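Peer 1: Take this structure, written in structure tokens, and hold onto it; I'll ask about it next.
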Amino acid sequence: MTVLLLEPIGESFSEKRINLTNEVLKVGRKISAKNPPEPYNGIFESKVLSRAHAEIWNDKGRILIKDVGSSNGTFINGKRISEEGQQSASFELHTGDVLEFGIDIKNEEGDDILYRKVSAKKQIEKAENTQAELELLKNIILDITSKIESIPPTVSKKKILMELDEAHNQERLWIDKYTNLLQSSKQFEKDLEILKIDNQNLADDNEYTKCQLELSEERVKELEDKQDFFVKENQIVKDEYAKMRNDFKTLNDKLDKEEKQSEKYKRRINELEENYSKTKYEVY
């Protein structure tokens with residue numbers, strides 16, 4: 001798993017740390033309050049970006065990007081990758097590349113910038129140390145928690161908070177499990193490399209050494225089988241992580257629904273109070 005780090009050049013946006021899985025990252029401008037720019041998505045608060053501007057994805061460890069027909073273009077190290085309104089070919093991004101979305105829009109006199117382009121320096125972090133992924137999860141949790149705290153008290157808010165707390169506990173368990181798996185997998189990879197080197201040296205030795213080589217090869221096969229096991233376990237953890245994010249989205253949707261229902265109740269109460277006031281006046 002790879003984390004794409006976009007470090008802002010200037011003050012065009014806040015730093016983004018994006019977990020690149022098998023899904024394509026959609027890059028574009030903010031179009032509604034329900035889809036705001038976040039540290040973990042490809043949405044930017046910029047008028048020079050198109051709604052659908054570019055796409056970034058992970059292809060077996062290679063980070064690729066293409067422009068999907070934006071108006072103001074996508075630039076890698078100052079070079080535009082496609083003509084206006086045309087989809088580009090795929091380009092590989094490397095650590096240290098300067099990535100730009102759009103162009104600076106100036107006033108009629110040309111001496112002042114009205115709308116700035118999005119400029120960033122691209123970095124890649126491997127998720128074996130899990131620190132980048134933990135930071136990403138932390139940002140997601142803080143974002144959801146802040147949204148919950150801003151909602152007026154409703155009958156079901158306590159229940160939703162309990163569900164969210166349970167989801168947090170499950171998330172921590174999976175993070176611990178994922179961290180342990182990564183550490184074990186890394187150790188097995190080191191052991192495997194050592195044994196492969198030993199096998200190469202043993203191949204030049206005598207008959208006794210050949211017997212030792214056969215034993216080492218069996219050990220290598222055993223370690224490779226264990227490595228395959230950890231790869232499958234890692235995939236299970238990734239799938240659970242994806243499901244967890246879907247659960248977070250479901251909770252957000254429920255909160256939005258409860259907020260709308262609460263507003264509906266408030267309007268009904270106001271109507272009843274007005275009717276009561278009118279009735280009281282007519283009686284007197």
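The values are calculated or read from the model by the stated rules, or taken from the named source; none is laboratory data. Bear in mind that the values here come from a model prediction, so they are computed numbers and not experimental data. Positions of Cβ are backbone-derived with ideal geometry, glycine not excepted, and every protein chain shown enters the neighbour counts. We work out accessible area using only protein heavy atoms, side chains counted, and drop any ligands, DNA or RNA first. Shrake-Rupley method; radii C 1.70, N 1.55, O 1.52, S 1.80 Å.
Peer 1: If I model a spin label at Q212 and I103 as a point 7 Å from the Cα along the Cα→Cβ vector, what separation in nanometres do I get?
Peer 2: Reported label-point gap for Q212 and I103 is 6.8 nm.
Peer 1: Under 5 Å between amide hydrogens, which residues at least 5 positions from I63 or on another chain qualify, with H placed 1.01 Å from N in the peptide plane?
Peer 2: Hits under the 5 Å cutoff: L93.
Peer 1: Per residue of region 70-79, in order, report the coupling 6.51 cos²θ - 1.76 cosθ + 1.60 (Karplus, θ = phi - 60°) as ³J(HN,Hα) in whole Hz, putting x for Gly and Pro.
Peer 2: Going residue by residue, I get 6, 7, 9, x, 10, 10, 10, 6, x, 9 Hz, with x marking Gly and Pro.
Peer 1: Ok, one more. Rounded, prolate or oblate, given the Cα gyration tensor of region 213-284, with a/c below 1.5 counting as rounded?
Peer 2: prolate
Peer 1: Could I ask something else about it? At 0.36 nm per residue, minus the direct Cα-Cα distance, what do I269 and K254 gain on full extension? Give it in nm, one decimal, please.
Peer 2: Stretched out fully, the I269 to K254 stretch lengthens by 3.1 nm.
Peer 1: In addition: Need one word for region 1-120: rounded, prolate or oblate. Basis is the Cα gyration tensor (sqrt eigenvalues a ≥ b ≥ c); a/c below 1.5 gives rounded, then a/b vs b/c decides.
Peer 2: In terms of gyration-tensor shape, prolate.
Peer 1: What relative contact order, as a whole-number percentage, does region 1-59 give when Cα pairs under 8 Å and 6 or more residues apart are counted? Please list the in-between numbers first.
Peer 2: Details: 107 pairs, mean separation 20.2, N = 59.
In percent, rounded to a whole number, it is 34.
Peer 1: A further question on this structure: Accessible area, 1.4 Å probe, largest first: how do V98, V231 sort?
Peer 2: V231, V98
Peer 1: So what's the gap between the Cα centers of region 32-67 and region 219-284, to the nearest angstrom?
Peer 2: Cα centres, region 32-67 to region 219-284: 24 Å.
Peer 1: Another one. Looking at the square roots a ≥ b ≥ c of the eigenvalues of the Cα gyration tensor of region 12-74, which shape do they give, rounded for a/c under 1.5, prolate if a/b is larger than b/c, or oblate? It would help to have the intermediate numbers written out before the result.
Peer 2: Details: a/c = 2.00, a/b = 1.30, b/c = 1.54.
Since a/c reaches 1.5 but b/c is at least a/b, the shape of region 12-74 is classed as oblate.
Peer 1: If DNA, RNA and ligands are ignored and the probe is 1.4 Å, what is the ranking of Y276, Y115 by accessible area, most exposed first?
Peer 2: So the residues, ranked largest to smallest area, are Y276, Y115.
Peer 1: Another one. Given labels modelled 7 Å from the Cα in the Cβ direction, how far is it in nm from K232 to N169?
Peer 2: 3.0
Peer 1: How do H168, H53 rank by accessible surface area computed with a 1.4 Å probe, from largest to smallest?
Peer 2: H168, H53
Peer 1: Here's another thing I want to ask about it. Whose amide H sits under 5 Å from the amide H of K117, counting only residues 5 or more places off or on another chain, with H placed in the peptide plane?
Peer 2: Amide H neighbours of K117, under 5 Å, 5+ apart: D104, I105.
Peer 1: Gain in length, K60 to A33, computed as 0.36 nm per residue apart minus the alpha-carbon separation, to one decimal in nm?
Peer 2: My answer for the length gained is 6.3 nm.
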